[in-house]
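Notes follow the structure.
What follows draws every value from the coordinates through simple rules; no lab data is involved. Small disclaimer: the values here were computed from a predicted structure and weren't measured. Don't worry about glycine lacking a Cβ; one is built from the backbone with ideal geometry, like all the others, and counts go over all protein chains shown.
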Amino acid sequence: MCMVSSQIYITDDFLEAYARVAKSQQKQVREFLRKLREDPASRAINYEKLNEAKDKNVRSVRISQAYRAIIVQIASGRSYILAYVDHHDEAYAWVRNKRFEVNQHTGALQILECAFEEVAEVACSARNGQLFSGISDQQLLECGVPEMFLPSVRNLVSEEDLDRMCRYLSHDVSEALYMLASGYQCSEVVEHLILNDSAAGASSKLVLLSSDQELERMLDAPLEKWRVFLHPAQRRYVEMDAPGPVLVTGGAGTGKSVVALHRVRHLAEQVFTGAGERILLTTFSRNLAEDLKHKLLSICRFEAVQRIDVINVDAWADEYLRQMGFSYNVLISKKSSEFWDRIWDKVRDLGFKKSFFCNEWEQVIQASDIRSLEQYLEADRSLCSRKLTQDQRLAVWPVFAEFRHLLDAGGYLEFADMVRKAAETVAAKGVKNPYRAVVVDEIQDMGPNALRLLRSLALEGKNDLFLCGDFNQRIYRKPFPMESTGIIIDKDNTFKLTVNYRTSEEIRKWAESMAQGLQYQYCKSLFTGGKPAVIEVADQRAEQARLMSHIQGLLKQGVQPETICIAARTNKLVDEYEEFLKSNGIACCRITPTGGDDRNQPGVRLSTMHRIKGLEFDYMVVAGVSPETMPLMAVISKADTEEDRKKLILQEKSLFYVALTRGRKGVLLIQHSE
């Protein structure tokens, strides 16, 4: 057993490095870690001092002839940090200019990535920096800024200067400085960020190894733990005691899904702990629900998981209705098109495009649960781009009545019908509120019927609804007032995440510039680097050559194929890339509508832009972009009015933005000149 007086922590850097260790050598790394957990002070472990290291607490341990582990001993020998593992020279180079310090003001462990003699070069040349002129040295120290960096921080003039400096700082210090530069008060920064006063605080990506079983789980999936890492600044939202519904918004990469996952865990393990107190975690798409389920299993206790349902909202409605004895066919898009074509032959002379009827059905009839002409005549269409007189409503209503007749005659239900009928049945069967709490991810893609259903499922009161999303990433439907669904969110229960933990500042700014026209929430990336690249090609052959060169280059660098994703706008394009890569010996794994991204499945990921919503990868390739595919002309041509056309273009830009912001370390955009 591990000595009671010793604590062993493991960093994200160690796990990422371990994933790159040759499979034949990983067994020896595991054996060393077993010895370390049994007794860190054992004479069987030979700690070697590194004279060239800046930090004198750094030690090297021989794993094999080729590999070395980097260990840091802190807090008078009572805590050990597994910092890194690699080949001898690479491991020494990684740690040479790092220092590991417990901040005396915050109690957090800080990893300072700096050759300290370079600090003066990082700061701008101005003697009297303006960025933090209204903040005292004492306040900066209280926010976690190391004392040795105060002169450099004082010289900063702009956020560009701060961007350059933050590459040398630990994440907690970077975030504190960005918050201060954005206008947060020192007290707010301390409240939000300094949430762990242990010797090795959570403000660095550290996990305390509490058992051999936990260590084995992390080593079996070394990159998975950090896909669900909860930053201390997010903990307040996870653990809040909310008087009612909560809305958490934020840009791409700000950790909305992670917050939702940890909120579910907190509620199941700390708040609603009774055997019959169930919790629902839901989202819009099936593959994202599968991904959330996979991640939840990695952070939540088994007993709690048994009381959590993770399923997308349409699937929940479908399962529930069939359990209640309903029999029907789910209307797929092909059959829906057949029905509209059949009706269209009869109504061409009404003076409306076919797209008008489809849009009116989805955005007015279904969204407002309209069943009769009287309801349609009184319906609020103020958000619709095309205005209709009462006479026009009278003229077009028979079209919608006929479409409903075709559905009923064939025993078909649309997804909107399913969730509506599920809500009605829940109430009618007397089993209202089967969940103590409902947590929703990607709320922006939920329709009004889905939100009405979710409102009926959760027992109204404290901690009942927790909604996460980014309305700038709305890719499936047009806006509608949430109040119309029965969900009322007080402004004091609305929160914004403003720090991007996924992508570099360069990628974030570039993605926003590539999708101009969207209204972005304020957001700041926590790190710099990983500049995006744009390649313009003349034809498919040129694109294939550049794509193959890029993928092979990443693989030669030791990048795991499972951390690379190629996304395109249509399934046809994805089919072509899959065939091309497989024919050239590159293993591929297709992300489908029915499954999440199982990292145990080998191969480079392939996906449409829609399917990668909510997912993230180290390296993204957005391919096949042309004037025909982005925005997709087949979608834009369905616009009934010019205003609708503009809205569809914005929706396409939102989808493009989603694809560009999935990459953590690098993004390549391949676009066709014609």
Taking 0.36 nm per intervening residue step and subtracting the Cα-Cα distance, what contour gain separates E147 from E424 on full extension? 93.5 nm
Those aspartates and glutamates that a straight Cα-Cα span of less than 12 Å connects to K56, excepting residues fewer than 8 apart in one chain: E48, E101
Amide H of G603: which non-local residues (sequence gap of 5 or more, or other chain) have their own amide H closer than 5 Å, using H built in the peptide plane? E562
Using a Förster distance of 35 Å, the FRET efficiency for R164-E38 (Cβ separation, nearest 0.05): 0.20
In what sequence, highest mean first, do 132-144, 562-574 appear when ranked by Cβ atoms within 10 angstrom? 562-574, 132-144
Within the range 364-385: backbone nitrogen closer than 13 Å to the D408 label point (7 Å, Cα to C-beta): 371-373
Just check the range 534-592 against the gyration tensor rule for me: Cα atoms, a ≥ b ≥ c as the square roots of the eigenvalues, rounded for a/c under 1.5, and otherwise prolate or oblate depending on whether a/b exceeds b/c. oblate
Protection-proxy order for peptides 284-295, 52-63, each taking the mean of Cβ atoms within 10 Å per residue, highest first: 284-295, 52-63
Rounded to a whole number of µm²/s, how large is the Stokes-Einstein D of the range 300-445 at 4 °C and 1.567 mPa s, given Rh as the Kirkwood radius over C-alpha pairs? 73
Subtract the Cα-Cα distance of R30 and K531 from 0.36 nm times their separation in residues, and report this length gain in nm to one decimal. 176.9 nm
Hey, rough spin-label estimate for S673 and T273, points 7 angstrom out along Cα→Cβ, what's it come to in nanometres? 6.7
Between beta-carbons, use under 15 Å as the cut-off and find the net charge around L50, counting Lys and Arg +1, Asp and Glu -1. +3
Give, as a single signed number, the net charge of other residues whose beta carbon lies under 13 Å from the beta carbon of L413, with Lys and Arg counted +1 and Asp and Glu -1. -1
Filter on K387/K638; K334/K582; K295/K556; K49/K98 - keep pairs with C-alpha separation over 20 Å: K334/K582; K295/K556
Report the calculated FRET efficiency for A395 and S333 (r = Cβ-Cβ distance, R0 = 25 Å), to the nearest 0.05. 0.40
Once a ≥ b ≥ c are taken as the square roots of the eigenvalues of the Cα gyration tensor of the range 244-365, is the result rounded (a/c under 1.5), prolate (a/b larger than b/c) or oblate (a/b not larger than b/c)? prolate
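With a ≥ b ≥ c the root eigenvalues of the C-alpha gyration tensor of the range 251-305, is it rounded (a/c under 1.5), prolate (a/b larger than b/c) or oblate?
The shape class here is prolate.
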